[in-house]
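These notes are about the structure you will find just below.
Derivation of every value follows stated rules applied to the coordinates shown; laboratory data play no part. It should be emphasised that the depicted structure is a prediction, and the values quoted were computed from it without experimental measurement. Neighbour counts are summed over all protein chains in view; Cβ atoms, including those assigned to glycine, are modelled from backbone coordinates with ideal geometry.
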Amino acid sequence: MKLPKIRELLEAVKALVVGPYTSRFPRKPHVPFKSFRGQPQFNEDFCVGCLACEEVCPAGAIGHNDAVSGGKAVRTIYHYTDTCIFCGECEAACIADHKGIKLSTEWDLAFFDRNRAFESIDRDLVTCERCGAVVAARRHLQWITDRLGELAFSSPTLYQTKLKELGLIDDNPAAVHRENARSDRLKTLCAHCRRQTTAGA
Amino acid sequence: MDVLFTGLYVLVFPGFLTILVLGFFSSWIERKVTARVQYRKGPPLLQPVYDVVKLLGKETILPKRGNPFVFAAAPLLGLASSSIVAVMLMIQPLVASSFVGDLIVVVYLLTLPSLALVIGGAASGNPLASQGVSREIKLMLGYELPFLIVVALAVYKAGFRIDLEGLSGASAPLSVSGVIAFIIALFCVQAKLGFPPFDVAEAETEIMSGTYIEYSGPLLAVFKITQAVLLFTLPVFLITVFWGGIRFVGLDIFWFALKYVVILVLIIVIKNTNPRIRIDQALKFFWGFCAGAAAAAFGLAVAGNVFGIAWL
Amino acid sequence: MKKTIIPIGPYHPLQEEPEYFTLTVDGETVVDIDAEIGYNHRGIEKLSELKNFDQSTFVIERICGICSTSHPYAYVRALEDIAGVEVPPRARYIRTIIAEGERLHSHLLWLGLAGHFLGYNTVYMWAWKLREEILDVMEIVSGNRNNYAMFRPGGVRRDINPDDIPIVLKKIKKIVPTLTMLHKAVRDDPVLHARTKGIGVLTKEESINFSALGPTSRASGVARDVRKDTVYGAYHEMDWKMIVTENGDVFDKVVVRMLEMLETIKILQYCFTHLPAGPIDSGLKGIPAGEGIGTHEAPRGETFHYVRSDGTNRPVRHKVRAPTFMNLPTYKATVKGSQLADAVIILAAIDPCYCCTERMAIRDPGGKRLFDGRELVALSQRKSKLVQEQLGIRELPLDALGQVAP
């Protein structure tokens, strides 16, 4: 049936009765849906510092910096809010049960200073006892050890990290020796030194 | 004392200041209802004032290629004419006096805001503005014809009185021809206000606000004020001529307010339930349908008068 | 009468994107139209070649904010064409849901904008209010209102939570009455008829000659729809109608889109209620050398992607053709001879998406175009050769490409 303009008028009246569709936003905070993909956040308890998230991030929004000072090596992983596209790849790639970095429903991410638009997490690093280079994050090595079970004892780097965590050893007694000799094989080594001590010596 | 009172009448009540306040209020109602129809929240009460104040504080930019003097004078012409009409319409019921032929003055002055738009647009030297100007002129030619016919009809019904006092006493709406005349006058008012579906001259999405394109700052503010004043004046004009007039005594004030609100709501509803029509369609509509219907209404009125049938 | 040139763009309240049209106007009649693109070129194809196959989907997604699923869909289909993998049924259904949800919100967006261009701001607001519901659905399903990040080569990235389905279905159902009201209102409104009927007519022959796509061609009576013509997604597993009308004017384009929205709602409801169980990803590891094409019926028409892989983890060449690129030239047939006031709605009637369409243009400071497409290709080939010589890279032998697309 032809009803020109009648439907629009009814809808208009309905609109007047129902009231605005817009939310009272600043006064009533917006609550996104549970599945909303918001700001990814590091989890202090789960992140192992493996950098898988940095590897997969399509926008390059995750970076890291390894700082060695005074015998203590720390890896700081940054997540830049302004570059992030909230795709969730970091969470999907996270080796720590997808819990090390997780998308939150946090959406209110406006900021004034772009240089401060990041969040970071610090992870302890294990350094090579021969050359001082970074091997991996301590938690990462522990995670590998746990995964490997008894097979981990084939690698001094792994089992020594594990033993230190368990409090069974304080320092590697072999670490003080400074020669390219058999004792090196029992040290916590980076990949390069491992190659040299095993094949080169 | 007379001078003082006259000054007060013209400038404060019911003159310019009151008209300004009522105009802003009408403009707010229009925007608020529009917003609510569109499921939006709408602006706060003082938003039209904020807009104007903001514009007044801005720089005036005069076009290089146009005529700056005419460009600046045009909006003032529009504001002056629309305010004078408003004062004339409001003062008449207050002091219960009007002079013979003031209706003609009012009708004449009501065309001036549109003319001001035409002059200002033409003086801005912008090609889009010239498009808008050509459209505005065509539109004026369109709606003035049926508008004059229906005003003439009201004059005829009131017994050839061409003063506002005489017209406001007549009971035009209580007849078929009166209702038709009122509806057609409403369409013409819609066009005079430049509201959809007749906003062809400023068509934002086609010619970027057309005649207004070069206006900024205080001059644009003056146009905004003119529009607000017109939004108040034109419904009052309709009430005076077609709907029993205005009286500022007792319950009549309430009736006046009610009539005013009804007309305003009608204008807003038409505005919000129609797309913009093309200028040729607008001309066809006014010259064809509206002029025809107005002439028919006139015929009905004459017949009613001749045969003594009051409801015609 | 003197001919005036009315510029539309590069920045114009009519358009949300930078695009430049020169309308030559005789009085109120448009006698000629010229379109210029290239204001918003972002080098997406090159960016895509710099990312690996998995990451590229996110770049491709950002070709267009509105068809943020059409491009990844066509892209992953191109990759699946190279790798020859089967997508699991659940993933196909989820893909269909995302694609159709996008169609729904895109058409609603267009409807609102069309209303706005006609000065009918109430329809603008109503349509966009309706669009909020479908955007909420998309937020529940995918986690975002746009840029759904759901597609991956071989499957989808996220599963749909079964608990969400009743909420989503309720929201979709809420759209239907208002949509039907709007459709009937459009059908009956005499003022709207006056503005859109017989305006900007694209005849069937012109539509075929210009290779118009999507609703633009379907409104002209060309019954082509990738969803019907090829077997992909879940489209062939349910019953839905391809909307085809005959007149090709603006009104028919409105009607085609309005009816398509109702069909889309049917498809969405079917998909949500018949969502099969199973895996959502085929576990595609690596793309072999070869070339593949992928198509998808975007809201604006067929999106076409060509990808060439050399067996590494990045595309060697990625070519995107957005539907607007094919629909844009139809202006030559539709806008010429129309009224200036109508030109606006005719320009909008193909639902143009300019940033999808962007191509590079090199100009001198005076604005004169220095290179045309062919010269640009020659230029880039020369550059590639130069780079190859400098880096000592040999050209890829053609037989290393493996299978060749038909």
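Using the Cβ-Cβ distance between C:A289 and A:R27 with R0 set to 56 Å, the FRET efficiency from 1/(1 + (r/R0)^6) comes to roughly 0.45. Averaging Cα coordinates gives a centre for the range C:190-204 and one for the range A:38-114; these two points are 54 Å apart. So what is the relative contact order of chain C, in percent, for Cα pairs below 8 Å that sit 6 or more residues apart? With pairs under 8 Å counted, the relative contact order is 23 percent.
Take C:I243, A:I169, C:I97 and order them by how many other Cβ atoms sit within 10 Å, fewest up front.
Numbers: C:I243 20, A:I169 13, C:I97 27.
Taking fewest neighbouring Cβ atoms as first place, the list is A:I169, C:I243, C:I97.
Normalising the Debye intensity of chain C to I(0), with uniform scatterers on Cα atoms only, and taking log10 at q = 0.08, 0.11, 0.13 Å⁻¹ returns -0.45, -0.84, -1.15. For the range C:129-225, the alpha carbon positions stretch 47, 35, 19 Å along the principal axes, listed from largest to smallest.
If you count, for each residue, the other Cβ atoms within 10 Å and average over each peptide, how do C:177-183, B:214-220 line up from highest to lowest?
Working: C:177-183: 16.7, B:214-220: 20.4.
Most protected by this proxy first, the peptides run B:214-220, C:177-183.
The residues packed around A:T76, meaning those with a beta-carbon under 15 Å from its beta-carbon, carry a net charge of 0 if Lys and Arg are +1 and Asp and Glu are -1.
Between C:K241 and B:I253, the C-beta separation translates, for a Förster distance of 56 Å, into a calculated FRET efficiency of about 0.40.
Only one residue of C:F251, C:G101, C:V320 has its Cα farthest out toward the positive end of the dipole of the range C:44-337, where Lys and Arg carry +1 and Asp and Glu -1 on Cβ, and that residue is C:F251.
Among the DSSP helices (H) of chain B, those spanning at least 27 angstrom by Cα along their long axis with an average Kyte-Doolittle hydropathy of -0.5 or more are B:16-37, B:68-95, B:102-123, B:127-157, B:217-242, B:251-272; this is a geometric and hydropathy rule only.
Here r is the Cβ-Cβ distance between A:L168 and A:Q41 and R0 is 45 Å; the resulting FRET efficiency, rounded to 0.05, is 0.85. A simple count of charges around C:P89, restricted to other residues whose Cβ falls under 15 Å of its Cβ and scoring Lys, Arg +1 and Asp, Glu -1, yields -2.
Across peptide A:76-86, how many C-beta atoms of other chains are within 10 Å of each residue C-beta, on average?
Details: counts 0, 0, 0, 0, 0, 0, 0, 0, 0, 7, 4.
Partner Cβ neighbours, averaged per residue: 1.
About its Cα centre, the protein assembly as shown has a charge dipole of approximately 320 debye under the convention of +1 per Lys or Arg Cβ and -1 per Asp or Glu Cβ, with nothing else charged.
Roughly how big is chain C's charge dipole about its Cα centre, with Cβ charges of +1 (Lys, Arg) and -1 (Asp, Glu), in debye to the nearest 20? Walk me through the numbers on the way to the answer.
Numbers: 52 positive and 51 negative charges, 70 e Å.
The calculation lands at about 340 debye.
Please tell me the relative contact order of the range A:34-125 in percent, rounded to the nearest whole number, where contacts are Cα pairs under 8 Å and at least six residues apart. Mind dumping the intermediate values first?
Numbers: 172 pairs, mean separation 38.7, N = 92.
Relative contact order here is 42 percent.
Compute the label zone of A:H192 within the range A:100-144: residues whose backbone N is under 13 Å from the point 7 Å along Cα-to-Cβ. Residues passing the 13 Å test: A:128-135. Among A:N115, A:N43, A:N65, the largest mean-square fluctuation in a Gaussian network model of chain A (Cα springs under 10 Å) belongs to A:N115. Averaged over the residues of peptide B:275-287, the number of Cβ atoms from other protein chains lying within 10 Å of each residue's Cβ is 4.
Counting Cβ atoms of other protein chains within 10 Å of each Cβ in C:184-197 and taking the mean gives 5. Distances between placed amide hydrogens fall under 5 Å for C:A298 paired with C:T303, all partners being 5 or more residues away or on another chain.
For the range B:1-133, give the magnitude of the charge dipole about the Cα centre (Cβ charges: +1 Lys/Arg, -1 Asp/Glu; no others), in debye to the nearest 20. Please report the intermediate quantities before stating the final value.
Working: 9 positive and 5 negative charges, 146 e Å.
For this selection, approximately 700 debye.
In terms of the Cα gyration tensor, with a ≥ b ≥ c the square roots of its eigenvalues, is the range A:18-101 rounded because a/c is under 1.5, prolate because a/b exceeds b/c, or oblate? Prolate.
With a 10 Å radius around each residue's Cβ, average the other Cβ atoms per peptide and rank B:185-197, C:152-164, B:147-159, highest first.
Numbers: B:185-197: 23.5, C:152-164: 18.7, B:147-159: 21.3.
Put in order of decreasing packing, that is B:185-197, B:147-159, C:152-164.
Counting 0.36 nm for each residue step from C:R317 to C:H274 and taking away their Cα separation leaves a gain of 11.7 nm.
Within 10 Å of each residue's Cβ, count the other Cβ atoms and sort C:Y75, C:Y232, C:Y93, C:Y11 from fewest upward. Don't jump to the answer; show the numbers that get you there.
Numbers: C:Y75 30, C:Y232 21, C:Y93 25, C:Y11 11.
Arranged by neighbour count, lowest to highest, C:Y75, C:Y232, C:Y93, C:Y11 become C:Y11, C:Y232, C:Y93, C:Y75.
Just checking the listed ones, A:P40, A:P29, A:P156: in the Gaussian network model of chain A with Cα springs under 10 Å, the one fluctuating most is A:P29.
Got the relative contact order for chain A handy, in percent, Cα pairs under 8 Å and 6 or more residues apart?
Values: 288 pairs, mean separation 36.9, N = 201.
Over chain A, the number comes to 18 percent.
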